[in-house]
Amino acid sequence: MRFDFTFPREYELKILESPPPVHPVEKLYHFPVELEEGDRTGVHVRVAPKAGPAWFGFFASGFDSPHVMNAACSCPDPGSFCMVAGGYAYVVKAADPAQWFRVEQRPVVQLRTVTDQQLLLFEGFTSISAVGPKGVVWNSGRLSWEGLRVTDVRQAILRGFGWDALTDKEAIFELDLRTGRHTGGAAPGNTAQNCSR
């Protein structure tokens, strides 16, 4: 489990080693709300917001793999936190656990904070998603056939390499952190340089 509290926060988090005991005051919330048959493994957390009652959360894991992220981190919104369990990323309001969303990027293989842009970046195998103070800011277009390598983040530009299966080489790309649009990179059957919002 990786911990990254770079952004200021208005809560405390504690990862539990086992399911929480039944508590008369501190409620248990599940993420996602409706657990499926495969959602039996995950991370148990105690959340204590500065304003409001403490509560427990169970965050269902996506994948059992050493190649995906498990992390707890603060967000650009000081009232929200992010839990990444088996590559599935959940952003939750600490004082109101009914307000949450799951980041589209699945699985998340790397997490990156960019403080000067107030962004939390979720890197997958082929694209990147960004969360800002008000939620999801953008989802990039496809940057690679399979596998990204970020080399530099400077002056609102993220640079890296994406693997091109046709040439069996890495293709350089640049991604504008303000818009999510990119140039370069590699993707099967697609040379468009756009992003989805």
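Throughout, read-outs are computed from the coordinates displayed, never taken from laboratory work. Note that the coordinates shown come from a computational prediction; the quantities given were computed from them, not determined experimentally. For neighbour counting, all protein chains shown are included, and Cβ atoms are generated from backbone atoms with ideal geometry for every residue, glycine included.
For ARG112 and ILE157, calculate 0.36 nm times their separation in residues minus their Cα-Cα distance, and state this gained length in nm to one decimal.
14.9 nm
Under a point spin-label approximation (7 Å from Cα along Cα-to-Cβ), what is the LYS134-GLU174 distance to one decimal in nm?
Between LYS134 and GLU174, the label points sit 2.8 nm apart.
Using the Kirkwood radius over C-alpha pairs as Rh, can you work out the diffusion coefficient of the range 84-197 via Stokes-Einstein at 20 °C, viscosity 1.002 mPa s, in µm² per second?
149 µm²/s
7 Å from Cα along Cα→Cβ at both GLN99 and SER65: what's the point-to-point distance in nm?
In this crude label model, GLN99 to SER65 measures out at 3.3 nm.
In the Gaussian network model of the chain, springs joining C-alpha atoms below 10 Å, which of GLY87, GLY52, GLY180 carries the largest mean-square fluctuation?
Its mean-square fluctuation being the largest, the pick is GLY52.
Quantify how much of the Cα-Cα distance distribution of the chain extends past 23 Å, in percent.
For the chain, the share of Cα pairs beyond 23 Å comes to 45 percent.
Skipping prolines and chain starts, which residues have an amide H placed within reach, meaning under 5 Å, of the one on TYR88, given they are 5 or more residues away or on another chain?
When sequence neighbours closer than 5 places are left aside, the close amide H contacts are GLY62, PHE63, VAL108.
From the C-alpha coordinates alone, can you work out the Kirkwood hydrodynamic radius of the range 2-103, in Å?
By the Kirkwood definition, the hydrodynamic radius is 13.6 Å.
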